[in-house]
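Visitor: There's a structure below that I have some questions on.
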Amino acid sequence: MKILERDVPPRACWTLEQAGLHPLLARLYASRGVQDKAELDDGLAHLLPPQTLKGAKEAAAMLADALADDRHLCIVADYDCDGATACAVALRGLRALGAKRVDYLVPDRVIDGYGLTPPIAERVKDKGADLLITVDNGIASVEGVARARELGLQVLITDHHLPGAEAPNAHVIVNPNQQGCTFASKSMAGVGVMFYVMLALRAELRQRGAYAEQAQPKLDDLLPLVALGTVADVVKLDENNRRLVAQGLKRIRAGAMPPGLEALFRAAARDARKASTFDFGFALGPRINAAGRLSDMTLGIECLVTDDRSRADELAKLLDSINRERRDIEGGMREQAFDIAESLFDEGHPPPAAISVFDPDFHEGVVGIVASRIKDKLHRPTFVFAASAAPGKEHELKGSGRSIPGFHLRDALDLVAKRHPGVLLKFGGHAMAAGCSIAKEHFNTFAQALAQVADECLDAATLTRRLETDGPLAPEYRRTDVVDTLYREVWGQGFAPPTFSEELEVVSQRLVGEKHLALKLKHQGDPVDGIWFGHTEPLPKRVKLAFRLDADEWQGVRRVRFLVEGAEF
């Protein structure tokens, strides 16, 4: 690993500090590209206007007509946290704006696969729906949309994924990444797209005089859900996304959130009054995602839409239980997958340029998580496959992949498909994450082909893990109030949480829980505790560490500790 320090533009840092920012925050923000305090203003008035999102106005008109005619609306959701929160935003928003007949349907990960397929369109029609609305999917559902239209359904696609070569023939498409859309934030999650559609619908209804004699419905109640889905989907936190997340966090900290979110905080033993993006990414998001991985995402959506507090508690506890099961399954799979991955290269030699792993006992619901763990450990693009559990598809393998910076995984799959026609039955995704299906007998061909593409595209520098940090931590900032200040800010993908780095003395070290390294460190002459989760190998007496700040509480006393992220030997 190579530990690097971010550049801190002095003029931007000085400008931010002069504008009243905490000196440490000024330095952190300047190094992340912020040049003016106005960029940090999270007021709702600074959100990008809905009318600049292509298709939003047309979607609003379609939905307003549907509400006026009391048509039956059906939302086709996705089975991850972004899809669940987007569905909840659609349900809560449409009902608040006057929809009387609106329900939803979630494809089954195993049986249905991803997105709006022809059978899903038929199930929507069987529900008696007139208008089909997708959330967090649909931009690639050419056949599903065609079937829906054959059945006489109106189709509204709301999505954020990259379009394929052919766009579906929907009545309206809202997607910041569709051709011809000038919306400035291309990184919105699916839940953000649906929130914008709700804003546009309210504006349309207001224009039609729906609120002439009454106050218009408030939609800011939806922001806690928008914040959760945005962070959990690991989209880039650009200015607009940071505002959405900051607004959601403010409401959660003030106790203004749906009962299901409140219950999830309790189930995860997190304090909602101190909610942070870390809670979304590492506590609430995984509990929602677990339902889609191992059970039925209906559980997650119901938790987010219910207003019954006892029902919310019951569902949150169930989601917590499913997540514990997911962790147990993942733990066993991860160890097995590591063994398989490490058998692909000899000790003392680097791993292949890309890694593909399969075992008949793997659970397809957690292959993505395990791929991410291997990618993190070996710093190689990684695919993990499991045998399909779908009836009649036992001969197929379903794989999920995660990549490293500099290697576009979806484009790599496209190249594999061109070089080896017929090997990939289906594929899709992004630069950093993708999925595919292959026949079982083609696994070795796929593994070799992906490794070949990676070998051609990646050089030694790219294959060396680099960790960008904020450099040394001044000892005066090693305080619990500074920790609290940092945690209150919005950090995430593309706007990395503060990570410091410097050479430290390791005074003592011991294993705790058999898989974590507890450390006693000396930082600029002062003792400080540290812990490196998931790391078991001992450290030398002096070592350059990358670490985040955290506050640990023992017997009512809060003390700063360092959460180690990496080491450079």
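Visitor: Take Ala389 and decide whether it is over 21 Å from the mean Cα position of the chain (by Cα) and modelled with pLDDT under 95. First the steps, then the outcome.
Guide: Working: over 21 Å from the mean Cα position of the chain (by Cα): yes; modelled with pLDDT under 95: yes.
Against the criterion (over 21 Å from the mean Cα position of the chain (by Cα) and modelled with pLDDT under 95), Ala389 qualifies.
Visitor: A further question on this structure: Out of curiosity, is Leu201 assigned to a helix (DSSP H, G or I), among the aliphatic types (A, V, I, L, M) and over 23 Å from the mean Cα position of the chain (by Cα)?
Guide: In short, yes.
Visitor: For the range 1-34, how many residues are polar (S, T, N, Q) and farther than 19 Å from Gly492 by Cα?
Guide: Restricting attention to the range 1-34, the residues satisfying the condition of being polar (S, T, N, Q) are 15, 18, 31.
With the extra rule that they be farther than 19 Å from Gly492 by Cα, the set shrinks to 15, 18.
Result for the range 1-34: 2.
Visitor: Enumerate the helices (runs of 4 or more DSSP H) found wholly within the range 13-102, keeping only those where 3 or more residues are charged (D, E, K, R). Before you say what the answer is, go through the steps one by one.
Guide: Numbers: elements: 23-31, 56-68, 81-96.
Those helices (runs of 4 or more DSSP H) span 56-68, 81-96.
Visitor: Would you check which residues across the range 84-112 are of a type in the set (Gly, Ala, Ser) and in contact with a strand residue (DSSP E or B) (Cβ under 8 Å, 6 or more places away or on another chain) and list them?
Guide: Step one: of the range 84-112, the residues of a type in the set (Gly, Ala, Ser) are 84, 86, 88, 90, 93, 96, 98-99.
Passing the criteria: Ala86, Ala90, Ala99.
Visitor: Tally the residues that are at pLDDT 95 or above and part of a loop (DSSP other than H, G, I, E, B), restricting the search to the range 1-12.
Guide: 4
Visitor: Which count do you get for residues in the range 292-337 that are closer than 30 Å to Ala460 by Cβ and modelled with pLDDT of 95 or more?
Guide: Total satisfying the criteria: 2.
Visitor: Now a separate question. State which residue is nearest to the chain's Cα centre (by Cα) when the search covers only the range 116-127 and only residues that are free of Cβ contacts under 8 Å to residues at least 40 places away in the same chain and surrounded by fewer than 23 Cβ atoms within 10 Å (Cβ to Cβ). Don't jump to the end; show me each part of the working.
Guide: At the first step, the residues of the range 116-127 found to be free of Cβ contacts under 8 Å to residues at least 40 places away in the same chain are 117-119, 121-123, 125-126.
After this cut, where a residue has to be surrounded by fewer than 23 Cβ atoms within 10 Å (Cβ to Cβ) as well, the list is 117-119, 122-123, 125-126.
Details: Thr117: 23, Pro118: 27, Pro119: 27, Glu122: 30, Arg123: 28, Lys125: 31, Asp126: 32 Å.
Among residues in the range 116-127 that are free of Cβ contacts under 8 Å to residues at least 40 places away in the same chain and surrounded by fewer than 23 Cβ atoms within 10 Å (Cβ to Cβ), the one nearest to the chain's Cα centre (by Cα) is Thr117.
Visitor: Taking the condition touching a residue at least 12 places away in the same chain (Cβ under 8 Å), surrounded by 15 or more Cβ atoms within 10 Å (Cβ to Cβ), outside the structural domain of Pro421 (by TED's automatic domain parsing) and over 22 Å from the mean Cα position of the chain (by Cα), does Asp470 pass?
Guide: Spelling it out, Asp470 is indeed touching a residue at least 12 places away in the same chain (Cβ under 8 Å), surrounded by 15 or more Cβ atoms within 10 Å (Cβ to Cβ), outside the structural domain of Pro421 (by TED's automatic domain parsing) and over 22 Å from the mean Cα position of the chain (by Cα).
Conditions tested, residue by residue: (1) within 27 Å of Met432 (Cβ to Cβ); (2) touching a Ser or Thr at 6+ places or on another chain (Cβ under 6 Å); (3) modelled with pLDDT under 95; (4) aliphatic (A, V, I, L, M).
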residue: Asp529; (1), (2), (3), (4): no, no, no, no
residue: His535; (1), (2), (3), (4): yes, no, yes, no
residue: Gln555; (1), (2), (3), (4): no, no, yes, no
residue: Ala567; (1), (2), (3), (4): yes, no, no, yes
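Visitor: If we scan the range 141-154, do we find a residue that is under 23 Å from the mean Cα position of the chain (by Cα), buried (at least 20 other Cβ atoms within 10 Å of the Cβ) and not in a loop (DSSP other than H, G, I, E, B)? Even if it seems obvious, please write down each step before you answer.
Guide: First pass over the range 141-154, keeping only residues under 23 Å from the mean Cα position of the chain (by Cα): 141.
Right, trim to buried (at least 20 other Cβ atoms within 10 Å of the Cβ) and you get 141.
Subsequent filtering for residues that are not in a loop (DSSP other than H, G, I, E, B) retains none.
No, that holds for no residue.
Visitor: Separate question: Provide a single number: the residues in the range 503-553 that are under 32 Å from the mean Cα position of the chain (by Cα) and farther than 24 Å from Arg466 by Cα.
Guide: Looking only at that region, the number is 8.
Visitor: Sticking with this one: Looking at the structure I just gave you, is Arg558 surrounded by fewer than 15 Cβ atoms within 10 Å (Cβ to Cβ), part of a strand (DSSP E or B) and in contact (Cβ under 8 Å) with a residue 24 or more places away in the chain? Outline the logic, then answer.
Guide: Working: surrounded by fewer than 15 Cβ atoms within 10 Å (Cβ to Cβ): yes; part of a strand (DSSP E or B): yes; in contact (Cβ under 8 Å) with a residue 24 or more places away in the chain: yes.
Here the answer is yes, as Arg558 does meet what is asked.
Visitor: Which is within 24 Å of Leu199 (Cα to Cα), surrounded by fewer than 24 Cβ atoms within 10 Å (Cβ to Cβ) and charged (D, E, K, R), of Asp136, Asp130? Let's see the steps before the verdict.
Guide: Working: Asp136 fails: surrounded by fewer than 24 Cβ atoms within 10 Å (Cβ to Cβ).
Result of the check over Asp136, Asp130: Asp130.
Let's see how each residue does on (1) buried (at least 16 other Cβ atoms within 10 Å of the Cβ); (2) more than 18 Å from Gly525 (Cα to Cα):
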residue	(1), (2)
Ala474	no, no
Tyr477	yes, no
Asp484	no, yes
Glu489	yes, yes
Phe495	yes, yes
Glu502	yes, no
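Visitor: Show me the strands (runs of 3 or more DSSP E) entirely contained within the range 363-436 in which 1 or more residues are at negative phi and buried (at least 24 other Cβ atoms within 10 Å of the Cβ).
Guide: 382-387, 396-402
Visitor: How many residues, within the range 285-299, are hydroxyl-bearing (Ser, Thr, Tyr) and crowded, with 24+ Cβ neighbours inside 10 Å?
Guide: Summing the residues that are hydroxyl-bearing (Ser, Thr, Tyr) and crowded, with 24+ Cβ neighbours inside 10 Å in the range 285-299 gives 0.
Visitor: Give the number of residues within the range 270-305 that are in contact with a Gly (Cβ under 6 Å, 6 or more places away or on another chain) and more than 22 Å from Ala246 (Cα to Cα). Spell out how you get there, then give the answer.
Guide: Taking the range 270-305 and keeping what is in contact with a Gly (Cβ under 6 Å, 6 or more places away or on another chain), we get 277, 288, 291, 293-294, 303-304.
Checking which are more than 22 Å from Ala246 (Cα to Cα) leaves us with 291, 293-294, 303.
The number of residues fulfilling the criteria is 4.
Visitor: Same structure, new question: Touching a Leu at 6+ places or on another chain (Cβ under 8 Å), under 23 Å from Leu378 (Cα atoms) and not assigned by TED's automatic domain parsing to the domain that holds Leu228: which single residue out of Thr536, Thr485 fits that description?
Guide: Answer to the check: Thr536.
Visitor: When both residues are 6+ apart or on different chains and their Cβ atoms are under 7 Å apart, which pairs have a first residue that lies in the range 497-524 and is farther than 30 Å from Val8 by Cα, and a second that is at pLDDT 95 or above and basic (Lys, Arg)?
Guide: Final answer for the pair search is Val507/Lys520; Val507/Lys522; Ser508/Lys520; Ala518/Arg510.
Visitor: With (1) part of a loop (DSSP other than H, G, I, E, B); (2) of a type outside the set (Phe, Trp, Tyr); (3) out of contact with any Lys or Arg (no Cβ under 6 Å at 6 or more places or on another chain) as the list, and Asp313 as the residue in question, which single condition is left unmet?
Guide: (1)
Visitor: Could you look through the range 445-465, keep only residues that are surrounded by fewer than 16 Cβ atoms within 10 Å (Cβ to Cβ) and in contact (Cβ under 8 Å) with a residue 60 or more places away in the chain, and pick out the one that is nearest to Tyr29 (Cα to Cα)?
Guide: Thr464
The values are calculated or read from the model by the stated rules, or taken from the named source; none is laboratory data. Quantities reported herein were computed from a predicted structural model and do not represent experimental measurements. Positions of Cβ are generated from backbone atoms using ideal geometry, with glycine treated the same way; all protein chains shown enter the neighbour counts.
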